[in-house]
Amino acid sequence: MRKPIQNKNEAWVRVPNRGDFELNYLIKNIEEALREKDNFSPKLYSEIYDDFSHVHCEICWGVIANRAPEVADNSGYYADHTWVCQQCYTMFVVPERYLDAVASLERIATPA
């Protein structure tokens, strides 16, 4: 998943198993999710919603839904209508210094 290019001079990073992101966009998403850091609890999608729709991870925009695991995560961390997938929670929410995790990501060329 890629965010539309707004500035060709912006740095881009690759989040393993999640996609390529403009660095400032990724940091903004992480900081938004961190507002709920103390309130997150692990949840199955079906514990919150009983429909066949879906939600997105606040950080990587990955899909969380009642679907087969190869199509979407069926659980994540939930707090007040904010979802974070398990991978992003472990990589960016749990560490005290999330910017260290961001700094360790592979830098990539700006997508064409």
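All of the numbers you see were taken from the coordinates with simple rules; none came from a lab. What you are looking at is a predicted structure, and each value in this text was computed from that prediction instead of being measured. Here Cβ is always computed from backbone atoms with ideal geometry, including for glycine, and neighbour counts include all displayed protein chains.
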(request) Collect residues whose amide H, placed 1.01 Å from N in the peptide plane, falls under 5 Å from the amide H of Cys60; neighbours closer than 5 in sequence don't count. (result) Cys85
(request) Normalise the Debye intensity by I(0) for the chain, one equal point scatterer per Cα, no solvent, then take log10 at q = 0.15, 0.18 Å⁻¹ and round to two decimals. (result) -0.64, -0.88
(request) Go through the range 75-89 residue by residue and turn each phi into a ³J(HN,Hα) via Karplus (6.51, -1.76, 1.60, θ = phi - 60°); whole Hz please, and just put x for glycine and proline. (result) 8, x, 10, 10, 7, 6, 6, 10, 10, 9, 5, 4, 5, 5, 4
(message) Just to verify a number: FRET efficiency for Ser46 and Val94, C-beta to C-beta distance, R0 = 25 Å, to 0.05?
(response) 0.55
(request) State the answer as a single residue: which of Val71, Ala103, Ser46 lies farthest towards the positive end of the charge dipole of the chain, with beta carbon charges of +1 for Lys and Arg and -1 for Asp and Glu, about the Cα centre. (result) Ala103
(message) Relative contact order of the chain, please, whole-number percent, based on alpha carbon pairs below 8 angstrom and at least 6 residues apart.
(response) 28
(request) Measure nothing but the geometry: give the 0 to 90° angle between the long axis through the Cα atoms of 23-34 and the longest principal axis through the Cα atoms of the chain, rounded to 10°. (result) 30
